[in-house]
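Have a look at the structure below, then the notes.
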Amino acid sequence: MSSLNEKPVAIRLSGVKKMYRLGQIGGGTLTADLQSWWARVRGKEDPNIPVNMDQRLIGQTFMALNGIDLEVKKGEALGIIGGNGAGKSTMLKLLCRVTAPTEGEIDIYGRIVSMLEVGTGFNGEMTGRENVYLNGAILGMTKAEIDAKMEDIIEFSEVRDFIDTPVKRYSSGMFVKLAFSVAAHLDSEIMIMDEVLAVGDMAFQKKCLTKMREAATQQGRTVLYVSHNMNTIRQLCDRCVVMDKGRIIFQGDVEEAIEIYMNNEAMQGQWAEGQSERDLTTCETRSPWAEGKARIVYLKLLGKENALYAPGEKMKFQIRILANQTIENLRLRVEIRYGDDTPVGTMPGVSLGTVEAQTTRDFTVEFDPIGLTVGRYRVDMVLFELDEFGNSFDQELLLPAFRMEVREEQGLVWSPQNWGHIRFADATVTKLN
């Protein structure tokens, strides 16, 4: 089997930029445009601006994509990840020719079938069967070619009973099932998917991922997949691109890409890498939904100049709590999540006793995250009050309180994506004969 570098190019983007103009472009009539121009000249309020619209946006431009260079090989499954507004969907729209680039060149070698949102390319007044023919015709397929695939499309979509019903009566899940089935079975060299599996049920999501994987590995089709679900990115993709503010900041190994995405500066909160002490008097990662009778105002990792731990090492930290009201049964819960936000484990709650109003109290907490293995983690802290009936009331949520890394110095190379985030103790083996 040839390596990825030896395969022919399916998609090439060179210096691609896409600029949008913010605010109103025109007033709809020459009179309205002249009124708006004269108001700006005099420094007055535009009479044609809707109420509460921010006038600062008018005439400004926004670079949705700002110099994208990317090559995608034939038969490659490429993941595209990044925060909201990073430019992922804009790039896919350019590839599907929904809109044109402001600058740069896009070369596409093959027919594209895409799902950029639920129901893209479907006519609501037409039945499911008619929409299959419509999509096939758009791709240049003959009626005989579509007829040959129709049964497979209907079977995969799980909407056989409704295939002759107008799709405007479909639920969003039915829309996704039929649209994906069409995209997966019709003849095209390139499949482009943008968060389409978020609507379907779990069983169908799994079936779709398997189908896309087969399309890339067995049929030689190129797959571009955008998702905020890191587990589906892991399952499907050979390579991954991380986007931020209209640029590609990384392209390469999937796990490395996910780590870069999850540890992007914008997602780190106020906890800097290697930091071991933090003043939490003002804190952006504090949840506004807690009652706030008590707050954590100071945190220090004890015995650590950084937040680096070895597997099996106990965690010890000091916290300072400021109480605004007297709380008789205050408790602390510690939750640990992996870098991709997957829950790993929780210390359900340790009693801190009674804290008096308008006082601060310091506590040292030590606990053993048993079996926690290599990787980067976020540690959330929750202060909650427990009443006499066993009801709990959250007073403080730090999301996260701090970030840490567990690093193996030597020995077994752990694979978190395959083996999980907990390492069990070695078993005891008894020889019977």
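The values are calculated or read from the model by the stated rules, or taken from the named source; none is laboratory data. Quantities reported herein were computed from a predicted structural model and do not represent experimental measurements. Cβ sites come from the backbone with ideal geometry, for glycine too, and all protein chains shown count toward neighbours. We work out accessible area using only protein heavy atoms, side chains counted, and drop any ligands, DNA or RNA first. Shrake-Rupley method; radii C 1.70, N 1.55, O 1.52, S 1.80 Å.
Select, from ASP279, ASP253, ASP238, the only residue that is surrounded by 15 or more Cβ atoms within 10 Å (Cβ to Cβ), at pLDDT 85 or above, touching a strand residue (DSSP E or B) at 6+ places or on another chain (Cβ under 8 Å) and of a type in the set (Asp, Glu). It would help to see each step written out before you state the result.
Numbers: ASP279 fails: surrounded by 15 or more Cβ atoms within 10 Å (Cβ to Cβ); ASP253 fails: surrounded by 15 or more Cβ atoms within 10 Å (Cβ to Cβ).
Exactly one residue qualifies, and that residue is ASP238.
Taken over the range 216-229, the criterion of being open to solvent by less than 10 Å² (accessible area, probe 1.4 Å) and either hydroxyl-bearing (Ser, Thr, Tyr) or at pLDDT below 85 (or both) is satisfied by ALA216, THR222, TYR225, SER227.
Does at least one position in the range 83-102 carry a residue that is modelled with pLDDT of 90 or more and in a strand (DSSP E or B)? Taking every residue of the range 83-102 in turn, none turns out to be modelled with pLDDT of 90 or more and in a strand (DSSP E or B). When GLY420, GLY390, GLY371 are screened for being surrounded by fewer than 20 Cβ atoms within 10 Å (Cβ to Cβ) and touching a strand residue (DSSP E or B) at 6+ places or on another chain (Cβ under 8 Å), only GLY371 passes. Does the range 337-347 include one or more residues that are open to solvent by 60 Å² or more (accessible area, probe 1.4 Å), over 24 Å from ARG278 (Cα atoms) and either at pLDDT 90 or above or not in a strand (DSSP E or B) (or both)? The answer is no; no qualifying residue exists.
The set of residues in the range 136-155 being open to solvent by 30 Å² or more (accessible area, probe 1.4 Å) and either in contact (Cβ under 8 Å) with a residue 12 or more places away in the chain or in contact with a Pro (Cβ under 9 Å, 6 or more places away or on another chain) (or both) consists of ILE138, GLY140, GLU145, LYS149, ASP152. Against the list (1) modelled with pLDDT of 80 or more; (2) among the hydrophobic types (A, V, I, L, M, F, W, C); (3) in contact with a strand residue (DSSP E or B) (Cβ under 7 Å, 6 or more places away or on another chain), the condition ILE146 fails is (3). How about the range 378-433: which of its residues are of a type in the set (Asp, Glu) and outside any loop (DSSP other than H, G, I, E, B)? Matches in the range 378-433: ASP380, GLU385, ASP394, GLU396, GLU405.
Would you call THR232 modelled with pLDDT under 85, closer than 30 Å to LYS17 by Cβ, out of contact with any Asp or Glu (no Cβ under 8 Å at 6 or more places or on another chain) and open to solvent by less than 70 Å² (accessible area, probe 1.4 Å)? Considered against the rule, which asks whether it is modelled with pLDDT under 85, closer than 30 Å to LYS17 by Cβ, out of contact with any Asp or Glu (no Cβ under 8 Å at 6 or more places or on another chain) and open to solvent by less than 70 Å² (accessible area, probe 1.4 Å), THR232 comes out as yes.
Select from the range 45-79 the residues that are in a loop (DSSP other than H, G, I, E, B) and at pLDDT 75 or above and write down the one among them that is surrounded by the fewest Cβ atoms within 10 Å (Cβ to Cβ). So, considering only residues that are in a loop (DSSP other than H, G, I, E, B) and at pLDDT 75 or above, the one surrounded by the fewest Cβ atoms within 10 Å (Cβ to Cβ) is LYS74.
Of everything in the range 321-340 that's β-branched (Val, Ile, Thr) and over 17 Å from ARG361 (Cα atoms), which residue is farthest from the chain's Cα centre (by Cα)? Break it down stepwise before answering.
Quick first cut of the range 321-340, residues β-branched (Val, Ile, Thr) only: 321, 326-327, 334, 336.
Add one more test, that the residue is over 17 Å from ARG361 (Cα atoms), and what stays is 334, 336.
Details: VAL334: 24, ILE336: 19 Å.
Only one residue tops the list, namely VAL334.
Polar (S, T, N, Q), in contact (Cβ under 8 Å) with a residue 12 or more places away in the chain and open to solvent by 30 Å² or more (accessible area, probe 1.4 Å), is that true of GLN395? No; evaluated as a whole, the condition is false for this residue. Considering only residues in the range 282-325 that are part of a loop (DSSP other than H, G, I, E, B) and among the hydrophobic types (A, V, I, L, M, F, W, C), the one that is surrounded by the most Cβ atoms within 10 Å (Cβ to Cβ) turns out to be ALA307.
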